[in-house]
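J.: Shown below is the structure under consideration.
The values are calculated or read from the model by the stated rules, or taken from the named source; none is laboratory data. Predicted model only: the values in this text are computed from it and were never measured. Here the Cβ is made from the backbone with ideal geometry for all residues, glycine too, and neighbour counts use every protein chain on show. Ligands, DNA and RNA are excluded from the accessible area calculation, which covers all protein heavy atoms including side chains. Shrake-Rupley method; radii C 1.70, N 1.55, O 1.52, S 1.80 Å.
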Amino acid sequence: MADVVTMPKLGFDMAEGVLVRWAVAEGETVEKGQLLAEIETDKATVEVESPYSGTVLKHIVPEDSIVPINDPIAVIGEAGEDISGLDFTAPEAVGAAAKDEPAPAAAETTTSVAVAETDGSLPDGVRASPLARNMAQANQINLANVKGTGPMGRIVKKDIEAYLAAGPGTVPTRAMPSVAPAFATPAAEDRTVKLTKLRQAIGRRMTESKQWYPHFYVTYDYELDRLMQVRKELNAMLADDGEKLSVNDFIIKAVALTLRQYPNLNASLGEGEVIHHGHINVGVAVAVEGGLLTVVCHDADAKTLRQIAAEVKEKAGRVREGKVQPDDVSGSTFTTSNLGMFGVDEFTAIINPPEAAILALGGARQTPVVKNGELAVGWRMKATISVDHRVSDGAEAAEFMRALASYIEQPLRMMA
């Protein structure tokens with residue numbers, strides 16, 4: 001019997017997606033787990049695998065269509081199977097019509113905003129993906145000058161890259177006065193930059209979090225001397241395999257192990273109840289063009305440091321390339337955010353709904369410390385946990401941060 005494939009929900013606040021490309025044509029066979037289509041959400045382009053094996057009997061929606069979650073998009077069954085009696089309704093492709101609708105008011109729902117923008121059309125009729133628009137804005141490129149190679153002439157990432165590769169002369173620059181005093185500075189002009197869908201999604205979620213989640217914060221200063229030494233020794237051993245462990249990999253593992261003892265922080269709030277998640281899936285905030293995404297290390301407490309390092313590196317790479325898979329960004333139960341690579345010592349982070357807490361990590365730094373009554377140089381790192389006060393309180397958060405120290409400051413415990 002034929003199976004109907006529906007638009008998957010690829011994010012906490014996803015209401016619809018753009019079916020950018022079919023990877024398997026009608027009449028072709030597909031295996032379960034094989035790439036079936038590319039779907040663009042407000043955060044990234046996601047590669048969606050087929051949930052069934054068989055022959056693609058019908059594409060219910062064409063490429064470049066906006067489709068609400070759970071609406072049917074394709075039918076997979078046996079070759080030659082009669083699907084005329086199958087009960088499915090093809091949703092209308094709203095992509096072409098969306099640009100003719102008036103812009104939604106600020107108070108309208110998330111769904112309305114997404115419908116008005118996902119089509120990727122600009123006022124002059126140019127079609128471009130959100131990622132391509134971000135790249136064009138960053139490089140001051142007029143999209144009207146770029147040839148699109150995507151569906152229906154849509155401008156995609158590779159088109160912007162090709163335009164930039166053609167040479168600096170293709171990028172428009174503002175003309176300067178031919179004669180000006182040596183001390184004069186040209187007056188800067190106001191510039192309006194349209195918010196990307198990713199930036200809008202971040203704004204919606206962070207506003208919701210700060211409005212409805214009563215945050216409180218606890219900061220702890222960790223000693224990293226042993227961790228830095230163990231990391232150095234392990235990396236020397238892994239060098240021949242081309243592998244390398246980061247401080248962040250140790251933190252992810254330490255956080256996951258500590259969460260076993262504090263299920264109240266590996267949780268989310270329901271209606272009059274707290275849901276303690278059985279799996280410990282640690283999210284890692286990754287900076288991308290125009291914002292950030294959270295990649296997820298599933299069951300991090302059960303994985304080795306090498307497995308964590310490889311998984312996070314692979315998923316972060318796909319995120320930055322705009323080729324996200326659903327598993328890369330879904331299912332986190334606790335999030336970490338690390339700004340140490342930017343020279344940040346300490347900061348606070350906003351909770352990632354619907355989670356109960358997030359850990360903000362500063363950089364590992366060498367600093368003067370007192371050891372055995374004498375001044376010495378030691379490695380230190382500050383971390384601040386933000387917690388939903390409806391779920392937990394300061395004492396539990398402080399206990400968690402102290403318990404976390406038992407792993408960070410004694411890293412061999414992570415390998416026991």
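J.: For the range 367-374, indicate whether the set of residues that are out of contact with any Gly (no Cβ under 6 Å at 6 or more places or on another chain), among the hydroxyl-bearing types (Ser, Thr, Tyr) and open to solvent by 30 Å² or more (accessible area, probe 1.4 Å) is non-empty.
T.: Step one: list which residues in the range 367-374 are out of contact with any Gly (no Cβ under 6 Å at 6 or more places or on another chain), which gives 367-368, 370-374.
Next, only the ones that are among the hydroxyl-bearing types (Ser, Thr, Tyr) stay: 367.
Filter once more, keeping what is open to solvent by 30 Å² or more (accessible area, probe 1.4 Å): 367.
Within the range 367-374, one or more residues are out of contact with any Gly (no Cβ under 6 Å at 6 or more places or on another chain), among the hydroxyl-bearing types (Ser, Thr, Tyr) and open to solvent by 30 Å² or more (accessible area, probe 1.4 Å).
J.: Would you call Ala395 at pLDDT 95 or above and surrounded by 13 or more Cβ atoms within 10 Å (Cβ to Cβ)? If you could, list the steps in order and put the result at the bottom.
T.: Values: at pLDDT 95 or above: yes; surrounded by 13 or more Cβ atoms within 10 Å (Cβ to Cβ): no.
The answer is no for Ala395.
J.: Further, regarding this structure: Could you please give the count of residues in the range 265-289 that are part of a loop (DSSP other than H, G, I, E, B), surrounded by fewer than 19 Cβ atoms within 10 Å (Cβ to Cβ) and touching a residue at least 24 places away in the same chain (Cβ under 8 Å)?
T.: Result for the range 265-289: 3.
J.: Which members of the range 204-241 meet the condition of being part of a helix (DSSP H, G or I) and open to solvent by less than 30 Å² (accessible area, probe 1.4 Å)?
T.: First pass over the range 204-241, keeping only residues part of a helix (DSSP H, G or I): 204-212, 225-241.
Scanning the range 204-241 gives Arg205, Ser209, Leu227, Val230, Asn235, Leu238.
J.: Checking the structure you have, find out if any residue of the range 316-323 is on the phi > 0 side of the Ramachandran plot and modelled with pLDDT under 95. Can you show your working first?
T.: Residues of the range 316-323 on the phi > 0 side of the Ramachandran plot: 322.
Filter once more, so that each one left must be modelled with pLDDT under 95: 322.
Yes, because at least one residue in the range 316-323 is on the phi > 0 side of the Ramachandran plot and modelled with pLDDT under 95.
J.: Here's a follow-up. Strands (runs of 3 or more DSSP E) wholly in the range 16-86 with at least 1 residues that are open to solvent by 40 Å² or more (accessible area, probe 1.4 Å) - which ones? Walk me through it before giving the result.
T.: On the way: elements: 16-22, 35-40, 45-49, 54-59, 65-68, 72-77.
Of the strands (runs of 3 or more DSSP E) lying wholly inside the range 16-86, those with at least 1 residues that are open to solvent by 40 Å² or more (accessible area, probe 1.4 Å) span 16-22, 35-40, 45-49, 54-59, 65-68.
J.: Let me ask another. Of the conditions (1) in contact with a Gly (Cβ under 8 Å, 6 or more places away or on another chain); (2) of a type outside the set (A, V, I, L, M, F, W, C); (3) modelled with pLDDT of 50 or more, Gly80 clears all except one; give me its number.
T.: The one condition Gly80 does not meet is (1).
J.: Let me ask something else about it. Mind checking which residues of the range 358-394 are within 16 Å of Pro214 (Cα to Cα) and not hydroxyl-bearing (Ser, Thr, Tyr)?
T.: Narrowing the range 358-394 to residues within 16 Å of Pro214 (Cα to Cα): 358-359, 384-394.
Result: Ile358, Leu359, Ile385, Val387, Asp388, His389, Arg390, Val391, Asp393, Gly394.
J.: Restricting to the range 324-347, name every residue that is open to solvent by less than 20 Å² (accessible area, probe 1.4 Å), hydrophobic (A, V, I, L, M, F, W, C) and modelled with pLDDT of 95 or more.
T.: Correct list: Phe334 only.
J.: A further question on this structure: Could you say which residue among Ile385, Ile358, Ile350 is within 21 Å of the chain's Cα centre (by Cα) and open to solvent by 40 Å² or more (accessible area, probe 1.4 Å)?
T.: Working: Ile385 fails: open to solvent by 40 Å² or more (accessible area, probe 1.4 Å); Ile358 fails: open to solvent by 40 Å² or more (accessible area, probe 1.4 Å).
None of the others qualify; the one that does is Ile350.
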